[in-house]
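> One structure follows; several queries about it will come next.
The values are calculated or read from the model by the stated rules, or taken from the named source; none is laboratory data. Treat the numbers as computed from the prediction; the structure is a model and nothing was measured. Every residue, glycine as well, gets a Cβ built from its backbone with ideal geometry; the counts of neighbours run over all protein chains shown.
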Amino acid sequence: MQTVPIPQTGSLPLPGPVWLFTVLLVVSLTLHLAAMNSALGGGIWALWNYFRGRHAEHPNSRRLASELALMLPNFLAFTVTLGVAALLFVQVLFGNFFYTSSILIGVLWLAVIPLLIAAYYGFYYFSYTSEKGRGMSGFVLAISFCVLLGVAFVYVNNMALMQSPERWQAMYRAHPNGWNLNVGDRSVIPRYLHIVNGAIALFSAILAHFGMRKLKADLEYGRWIVQRSAMVFAACTGLQFLFGMWMLMAIPRHIAIVLLQDPLAVTVFGMALMSAVAAMLLILLGSFAEKNNAMVHAGFGMSLVTLFLMVCLRYLLRMIYLKPYANLGALAVSPQNGVIALFMVLFLGGLATVGYMLRLVARSGKTRISADGPN
Amino acid sequence: MNYPHWQLVIPGGLLIAFVAVLHVFVSHFAVGGGFFLAVTESIARRQKDAALIDYCRRHSKFFALLTLVFGTITGVGIWFTIGLVSPEATSTLIHIFVWAWAIEWVFFFVEISAAIIYVKTWESLPAHDHQVVGWIYVVASWMSLFVINGILTFMLTPGSWITTHNFWDGIFNPTFLPSLVTRTAVSVFLAGIFGYVSLPKSEGRDKVARWSALWIVAGALVLPLSLWWYFACIPQFSRLYFDRGFIGVRHAIRGGIGFTLMALVIALLCGLWKPRWMRRPPVGFLLVCGLGVIGAGEYLREFVRKPWVINQVLYANDLRPARIDALQSQGVSDTANFLLTPDTASSNYGENLFYLQCGKCHSVAGYRAMRWRVDGWDTEFAADILQHIHMLRGTMPPYPGNKGDRRSLGRCLASLNPSWQFTITDANRLAVGERVFGARCGHCHTVNGNFRPLRGAFENRTPSQVRAIFPALGEMSSNMPVFNAPDDQAQALAFYISHEAGKPMPFKQPPPEAPTSRSHSRFARPARPWQEVP
């Protein structure tokens, strides 16, 4: 018997080339994280401003909270939708690792489903009631937000566990019923803080961008948003460096060494750090300039680039972790080219359809979809 | 045994069923309800019926809240659950159909976007544009059903995919069309039922009530026809389950028909005839009927696929046929990845085997309880019958382990009940015999029924003649366990069989359709001819 048991993937070939699945995984995960960051980061922004806005002297907070309220359910909708895509592709490439780690933390993993449903309805409740200032709505939002924090924690647990097969056997024997948590892994806590703090940072960049677009209609309100979000963005990005370092120190030494010696990983890492710094500078500087908003928009773009690079780095790190156990290059491949082509065509068609619907909405002019909840 | 087995209190299969039924209920409403909204809106606009438009607006809000949140996330829930309970099956399906899911995802993405836009733009979009968005939703949601339907039907009828391994052969398999029609009918049926949830209080009430009733009636009328078509296309072995006396199957069939009929009656009475009767209670009851229909349908769909999860590819215990062969020759302890104990002599090992090998479908004392199913088994008998476990009534995969494993598990099974001690008298002889029959023969035979009937062999024999045959049973068929019951039980059993087989037969039984020993040879797996689509 092997000392580290790794489930085999069976004899069926992959229905497409590994590089294609890798690209799709990285891209869909980036988009999923962007949406997730909006839901999580937007959640805390809404929460803070909702409570702050209850005082009459903070009308801007009140207004921002109610604008965010209408967006939050949609952020979650796209988090889930894009997450499904990432879930699909991770199963193609890393199914045997992913299923195993999910089973080991099975109870919590499955708990994600009812928790998400609750948080989602909580967001809707907030979006319907926040304006009327009903007593419960801030409280419900707070609960939803905490639930989402919990969901994120389960995810981090699973994603860390799936790349540590040497921890599996002992964990399974300890609790075969799935009542496990992967907190024995020292990197889990910094990883979690890294992603939650990153979510707040990224959403703040999105908000700065959003505020810039408000400037024209309402200078004072727009500037207020831009300046606040730029501050939060800068602070969180600063913190993010600390959490990142902590994480780097918490991952096993031999893996960190391989990572820092891998030219590709170092390049991606370096670029990610530089783009983070660039995003921070651009947004901070842009927020002080009264009118010029190109800098803030560029900073927002850079923060998305940072996110993408970080997802790439995360992928490379996973490959180092799994090096002794997985060899994607050795998988049998038998591409279903016709179906892949059909998918691509339909995908473009789908984007065009959504674009068409958004154009209908834009043409009607009266409402902007993102700023208007179901009513 | 490749993956760790998630050792739950309830069998994993039940968990999947629970999540799936809820999801299927809401997701079919998501398809039908969108269609309902689009059609209703265009009627309302054409007739300039403000009350009806207002109904559509309110209904669309309910629709979005239910389908976007609950429907979507329970769908993710199915992914999670099948990955936890049947990782091998999930991985297999992913390898075959990841692009189908990718395509489905595109439709899903369009569907979600359209739904969000649709509910939000009742005031802001021009009437025409708003309807266009509604119809985009309809097409996208039905197309996502179309694609998923291909994957789901593949699991029961992979058709020529088995030989060609061609994606399209898998999707457009023998039950693709009948199932698509059935699911569409169910969607229409549920759209009507859910239509009552937002029923207006006053103005337009009767109109909506009648209109929704029409949808229920339409769905309920197509349903029997499409199901009949569907059942004509399923494999022979699946159809046989309908008259094997499975209690669950019987309940599901009765329930499915009953709930459909009740919904139909309520729709006709309180919908079409007297709309003012359509108050909360009938609406609630309609929803229960809808859920009942889905539950019954899902139960049957899952049941008739047994012992497979993907017919001819993967057994329902998440093992490939080839893997079972390896397990039978080498044993579990040398091949399984995640065992709780390496000590094969311990009773923990037997328990571990129970969860590993039987726990996906059985619990100890709860759902599909093992306890009363193995009542009366001793270790010896259990270890023996386990090698024929796939012969019982055909629902179970071949035993995935070697002789030592069978003994360990056998000991565990025997320990679930106190061993039988009888004081047999003339008064209880028949009753005891019946119990012994249930434990030792009844899993594989009936006396007078149509499942491997024993009447032919034992008709007009005295108890002692019957008794004399028992020692030879093990040799009679390579699929029968050796007879080892204590003497008093053997006598009671002989008495019972002789008594039953001597009863006059009310009518001629159809020839037994049960698998014969030849087709059931353990060595001819997985080519089991009676499982082919005729």
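> Restricting to the range A:202-225, and then to whatever is among the aliphatic types (A, V, I, L, M) and crowded, with 20+ Cβ neighbours inside 10 Å, can you tell me which residue is nearest to A:LEU307 (Cα to Cα)?
Here the residue is A:LEU202.
> Please state which one of A:SER275, A:SER229 is buried (at least 20 other Cβ atoms within 10 Å of the Cβ) and farther than 22 Å from A:ALA69 by Cβ.
A:SER275
> When residues of the range B:75-105 are filtered for being facing chain A (nearest Cβ under 7 Å) and closer than 24 Å to A:MET71 by Cβ, how many remain?
Summing the residues that are facing chain A (nearest Cβ under 7 Å) and closer than 24 Å to A:MET71 by Cβ in the range B:75-105 gives 2.
> Which ones in the range B:56-73 are under 25 Å from the mean Cα position of the chain (by Cα) and facing chain A (nearest Cβ under 7 Å)?
B:PHE70, B:THR72, B:ILE73
> For residues in the range A:102-111 being assigned to a helix (DSSP H, G or I) and more than 7 Å from every other protein chain (Cβ to nearest Cβ), which is surrounded by the most Cβ atoms within 10 Å (Cβ to Cβ)?
It comes out as A:LEU108.
> On the given criteria, is A:ALA39 buried (at least 20 other Cβ atoms within 10 Å of the Cβ), part of a helix (DSSP H, G or I) and within 8 Å of chain B (Cβ to nearest Cβ)?
Criteria not met by A:ALA39.
> Right, next: Kindly state which helices (runs of 4 or more DSSP H) lie completely within the range A:219-316 and contain at least 3 residues that are within 26 Å of A:ASP185 (Cβ to Cβ), of a type outside the set (A, V, I, L, M, F, W, C) and more than 22 Å from the chain's Cα centre (by Cα).
In the range A:219-316, the matching helices (runs of 4 or more DSSP H) lie at A:253-261.
> Which fully enclosed helices (runs of 4 or more DSSP H) of the range B:50-156 have 1 or more residues being touching a strand residue (DSSP E or B) at 6+ places or on another chain (Cβ under 8 Å)?
Ranges flagged: B:87-120, B:127-156.
> Let me ask another. Can you name the residue in the range B:267-278 that is in a helix (DSSP H, G or I) and farther than 14 Å from B:GLY219 by Cα and is also farthest from the chain's Cα centre (by Cα) among such residues? Reasoning before the result, please.
Here is the first cut: in the range B:267-278, the residues in a helix (DSSP H, G or I) are B:267-273, B:275-277.
This time we only want the ones that are farther than 14 Å from B:GLY219 by Cα, so: B:269-273, B:275-277.
On the way: B:LEU269: 32, B:CYS270: 32, B:GLY271: 32, B:LEU272: 34, B:TRP273: 36, B:PRO275: 36, B:ARG276: 38, B:TRP277: 36 Å.
Checked the range B:267-278; the qualifying residue farthest from the chain's Cα centre (by Cα) is B:ARG276.
> Here's a follow-up. Considering only the range B:126-157, state which residues are small (Gly, Ala, Ser) and surrounded by fewer than 19 Cβ atoms within 10 Å (Cβ to Cβ).
B:ALA127
> Here is a further query. Among the residues of the range B:329-347, are any out of contact with any helix residue (DSSP H, G or I) (no Cβ under 8 Å at 6 or more places or on another chain), away from chain A (no Cβ under 11 Å), more than 30 Å from B:ILE247 (Cα to Cα) and part of a helix (DSSP H, G or I)?
Yes, the range B:329-347 has at least one match.
> Another question about this same structure. Which of the residues spanning the range A:1-36 are among the β-branched types (Val, Ile, Thr), within 12 Å of chain B (Cβ to nearest Cβ) and within 21 Å of A:LEU316 (Cα to Cα)?
Keep residues of the range A:1-36 that are among the β-branched types (Val, Ile, Thr), which gives A:3-4, A:6, A:9, A:18, A:22-23, A:26-27, A:30.
Checking the rest, the ones that are also within 12 Å of chain B (Cβ to nearest Cβ) come to A:3-4, A:6, A:9.
Passing the criteria: only A:ILE6.
> Continuing with the same structure: Output the residue which, of all residues in the range B:108-134 that are among the charged types (D, E, K, R) and more than 7 Å from every other protein chain (Cβ to nearest Cβ), is farthest from B:ILE73 (Cα to Cα).
B:GLU123
> Could you tell me which of the residues B:ILE216, B:ILE257, B:ILE253, B:ILE247 is crowded, with 16+ Cβ neighbours inside 10 Å, in the same structural domain as B:THR40 (by TED's automatic domain parsing) and β-branched (Val, Ile, Thr)?
B:ILE216 is the lone residue from the list that is crowded, with 16+ Cβ neighbours inside 10 Å, in the same structural domain as B:THR40 (by TED's automatic domain parsing) and β-branched (Val, Ile, Thr).
> Could you say whether any residue in the range A:123-135 is facing chain B (nearest Cβ under 10 Å), closer than 17 Å to A:HIS32 by Cα and crowded, with 24+ Cβ neighbours inside 10 Å?
No, that holds for no residue.
> Could you check A:LEU68 against (1) touching a Ser or Thr at 6+ places or on another chain (Cβ under 7 Å); (2) away from every other protein chain (no Cβ under 14 Å) and say which number it fails?
(1)
> Any residue that is in contact (Cβ under 8 Å) with a residue 40 or more places away in the chain, in contact with a Cys (Cβ under 9 Å, 6 or more places away or on another chain) and surrounded by fewer than 18 Cβ atoms within 10 Å (Cβ to Cβ) - is there at least one of those in the range B:335-348?
Checked against the condition, which is being in contact (Cβ under 8 Å) with a residue 40 or more places away in the chain, in contact with a Cys (Cβ under 9 Å, 6 or more places away or on another chain) and surrounded by fewer than 18 Cβ atoms within 10 Å (Cβ to Cβ), the range B:335-348 yields at least one hit.
> If you don't mind, another one. Run down B:GLY366, B:GLY404, B:GLY359, B:GLY394 and say which single residue is of a type in the set (Gly, Ala, Ser) and more than 25 Å from the chain's Cα centre (by Cα). Steps first, please.
Working: B:GLY366 fails: more than 25 Å from the chain's Cα centre (by Cα); B:GLY359 fails: more than 25 Å from the chain's Cα centre (by Cα); B:GLY394 fails: more than 25 Å from the chain's Cα centre (by Cα).
Answer to the selection: B:GLY404.
> Still on this structure: Go through the range B:28-55 and report how many residues are free of Cβ contacts under 8 Å to residues at least 40 places away in the same chain and either within 13 Å of chain A (Cβ to nearest Cβ) or within 13 Å of B:GLY192 (Cα to Cα) (or both).
Number satisfying all stated conditions: 1.
> Consider B:PHE25 against the criteria (1) within 13 Å of chain A (Cβ to nearest Cβ); (2) farther than 30 Å from A:PRO176 by Cα: it satisfies all of them except one. Which criterion is unmet?
(1)
> How many of the residues in the range A:141-198 are in a loop (DSSP other than H, G, I, E, B) and away from chain B (no Cβ under 14 Å)?
9
> Can you go through A:ALA56, A:ALA119 and tell me which one is assigned to a helix (DSSP H, G or I) and under 26 Å from A:ARG228 (Cβ atoms)? Please lay out each step first, then the result.
Values: A:ALA56 fails: assigned to a helix (DSSP H, G or I).
One residue alone meets the criteria, A:ALA119.
> Okay, moving on. Tell me whether the range A:340-352 contains one or more residues that are under 30 Å from A:PHE97 (Cβ atoms), among the small types (Gly, Ala, Ser), surrounded by fewer than 15 Cβ atoms within 10 Å (Cβ to Cβ) and at pLDDT 95 or above.
Yes, that holds for at least one residue.
> Inspect all residues belonging to the range B:275-297 and state whether any of them is buried (at least 20 other Cβ atoms within 10 Å of the Cβ), touching a residue at least 24 places away in the same chain (Cβ under 8 Å) and either closer than 30 Å to B:HIS165 by Cβ or not assigned by TED's automatic domain parsing to the domain that holds B:ILE151 (or both).
There is at least one residue in the range B:275-297 that is buried (at least 20 other Cβ atoms within 10 Å of the Cβ), touching a residue at least 24 places away in the same chain (Cβ under 8 Å) and either closer than 30 Å to B:HIS165 by Cβ or not assigned by TED's automatic domain parsing to the domain that holds B:ILE151 (or both).
> Say we look at the range A:85-101 and pick out the residues that are of a type in the set (Gly, Ala, Ser) and under 19 Å from the mean Cα position of the chain (by Cα); which of these is surrounded by the most Cβ atoms within 10 Å (Cβ to Cβ)?
The selected residue is A:ALA85.
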